[in-house]
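The values are calculated or read from the model by the stated rules, or taken from the named source; none is laboratory data. Given the structure is predicted, the values throughout are model-derived calculations rather than measurements. Every residue, glycine among them, receives a Cβ derived from its backbone with ideal geometry; neighbour counts consider all protein chains shown.
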Amino acid sequence: MGYDKIPRQKLSITKKDKKWGEQCVEAFIDLSNSGSSHSGKKNDLKILYDYYNGVIDEADYKYVLKPYGKNRKNFPSEMRNYPIIKPIIDLLLGEKSKRPLNYTVTVQNSDTISEKENAKSQLIYQNLQTRFMQALQQQGQEVGVDPEEEIELPEHLAEMFENSYVDNRAILGQKSMNYILQEQEVYDKIQKAWFHYLVTGEAYTHRGVRNGEPFYEILNPLDVDYDLDPDLEFVEDGDWALVRKYVHASTVIDAYYESLTEEQVLELEEPQHSESDVSFLYANSSNKDANAFRNRLVEVVNVYWKSRKRIGFLTYLDPQTGAVEEIEVEDGFKMPKEMKEEGAKLNWKWVNEVWEGTRVDGRFYINVNPIANQRLSLENPSKCKLPINGRRYSDVNSSNISLVKLGIPYQLNYNIYKYRLELAIARSKDIIAQFDINMIPKKWDMDKFMYYVEGTGIAWVDYNKEGIQLNPQHQSVLDMSIKTISQYIQLLESILVEWEKISGVSRQRQGEIGAYEGKASSQQAILQSSHITEDLFRKFERMEQRDFQALLDYSKEAWLGGKKSMYVMPDGTTDYLDIDSMQHMESNYGIFVSDAGKDQEKLQNIKGLTQAMIQNGAKPGDIAEMLDSDSFTQIKANLKKADKAQQELEQSQQEAQQQMQEQQLEAQQMQVEAEGLEREKDRQKDIEIALIGAESKKDTEGNNLNLEKMIRDFEIKERELEIRDKELNEKMRGSQESENIARESNQVKREDSKVKKEIADKNANKRN
């Protein structure tokens, strides 16, 4: 059955009845069965899982184990699996779990730029207003501001704004995404999808709304089929997709109870399907167990496809405002007569619409209708996406491949050569002596004889045995050693080297460093290895980005009534979600995911500089924070804040040092002045004493008059010197107090810088 058998999709909603919906579901199921050989695809994919798990299919080794059509019996060797695929897959699984996943929610609404500019202008205006108020305060006008408060310059403020501004709607989207990722355990589920991608080259997911919350689940590649358009990269952009599962009847009844009738519930207890439908599920089960289990399973097929619907755009003149308005109306709308008379116009357009339908046990068709949560674009109402997403690794103009599929030839050859090596070792007997069978001691059988030969290296012979005429010195030897053992070992090593080149996972990347390999050569080998596997990671991470976008889009439908919740971040901190449904609905979110490969490389390079940073005085707290971070963006932000804090600290230290130098210079000047004052006081005393002695020799009357005058002058001069001395002492004490105050001020500044840094780090961690 081909696309020509699919019912017409460009129909009015009134013509899309129950029969039409059932025909659509059946048509896409038939298209899957005939077009892609669904059962054959399942068997092919299951083989890949078997190879990963080391399950041996003897049919792959038929030409080795059954040469010439006959079984090899009693051979001292057995075909086993020696895994060389699984370690590679497991290593890439581990790398994915440690690979940073840095995503940012942006807002793509047309008014985003204008809102940002308005916010910047408002911030600069407030800054200028504050500076003006400070100027008034300094002039003596009481305006209620601190004139000494430091205010950023407008150019600095603008730069800080550009680096830190985030739209409120983007913050809301980021919080929503954080909440969904935690609640749905998305990181763990992604790891499961990555496993499927490595094994089969395919990974599929189901996104939507369930019980009022966005949900996210990983689908088994064995269950999924979709529109195999050669130009289609992601399943969600295709025309159709389906998921086919075999589950217990009780599970079906629980899941679809409200949609099933009582008669259908009773009939589901005896499923109707052919044996071939589920034979692939029981490849490793006995026929008895498989048949018993098969009779309890029910086939459930969920089909999703893009149909067409007609919507109208009604243009009319608002009688209250006089403005021309346009609204969207559903199919079947009829324009009132009054509006026609007033000049209203109605234009119809056909747009895409996603439908769903479920077939149960090949008999019942339920839930055939447009899906409740349509992912529509605000700019393009016809642009919608399927709830199923996924991709194949490389299926352009060819069959798809996977890492396991690439490794199968190497695994087969490795097992074969291991088998032959074991066989060669078993056949190898080194150099042995040849004895005539008649030389075996009497009453000994062959087993006892060979026991002593192999166990002790001694061959006991009976030369007294009747008929023995041989001389033991004339016995010959036989070289039974196998020269090909070393060749097999070399071949096995060669297979491993080739497989490592193909997979892109070198010995160095697995942690095996040669004794004579230098650090530089090892790092170069690891780097080259990562280049080969980077395409695998990149393609898968693009699918992750699509899924994140879908979950954020579905949250708009899920939280129409708003959403309030508390959740725990990966670092253990608690955050709160408070959704304004209208703002959330009208936000056109976009998800930006950085290149995880480049981020990881930068991350490792930065972490490699920790020793040098410690030697240059970096704080242990900053180093610990950097080593604990999984985000290069977070490390970059923390380093910038640490650098800024260091600059502020250095500046405060320089200011303190300069202030101290100035105080020391002032103290030195005051010390010189004090010493000069003391010398002047001593000189004044000497002069006064000499004058008193000279005047004492004159007449008594004149002497008394002169003496009194000198005493008064001396006392005045002495008081002046005391005043100057007191002023100098107060000045020196003030200088000391200023020095102490400056020292305390610098300490306060340092403590303030430290507190600001801690607060900034906490806020940055919350944002990240």
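Details
- In segment 555-584, residue modelled with the lowest pLDDT [restricted to those that are closer than 19 Å to ASN168 by Cα and assigned to a loop (DSSP other than H, G, I, E, B)]: ASP580
- Applying the condition of being part of a loop (DSSP other than H, G, I, E, B) and in contact (Cβ under 8 Å) with a residue 12 or more places away in the chain to segment 396-406 and asking which residue is farthest from the chain's Cα centre (by Cα) yields ASN397.
- Some residue of segment 407-430 being part of a helix (DSSP H, G or I), modelled with pLDDT under 90 and exposed (fewer than 13 other Cβ atoms within 10 Å of the Cβ): yes
- For segment 585-607, taking the residues that are small (Gly, Ala, Ser) and not in a helix (DSSP H, G or I), the one that is modelled with the highest pLDDT is identified as GLY590.
- Checked against the criterion of being touching a His at 6+ places or on another chain (Cβ under 7 Å), of a type outside the set (D, E, K, R) and in a strand (DSSP E or B), segment 212-228 has at least one qualifying residue.
- All positions within segment 194-218 that are under 15 Å from ARG538 (Cα atoms) and either acidic (Asp, Glu) or free of Cβ contacts under 8 Å to residues at least 60 places away in the same chain (or both): GLU202
- Yes/no for GLN264 being buried (at least 17 other Cβ atoms within 10 Å of the Cβ), at pLDDT below 95 and outside the structural domain of GLY504 (by TED's automatic domain parsing): yes
- Residues that are assigned to a loop (DSSP other than H, G, I, E, B), free of Cβ contacts under 8 Å to residues at least 24 places away in the same chain and among the small types (Gly, Ala, Ser) do not occur anywhere in segment 325-333.
- If the condition is being surrounded by 13 or more Cβ atoms within 10 Å (Cβ to Cβ), at pLDDT below 85 and not aromatic (Phe, Trp, Tyr), then segment 67-98 contributes only SER77.
- Scanning segment 275-324 for residues that are at pLDDT below 60 and either part of a strand (DSSP E or B) or hydroxyl-bearing (Ser, Thr, Tyr) (or both) yields SER276, SER279, TYR282, SER285, SER286.
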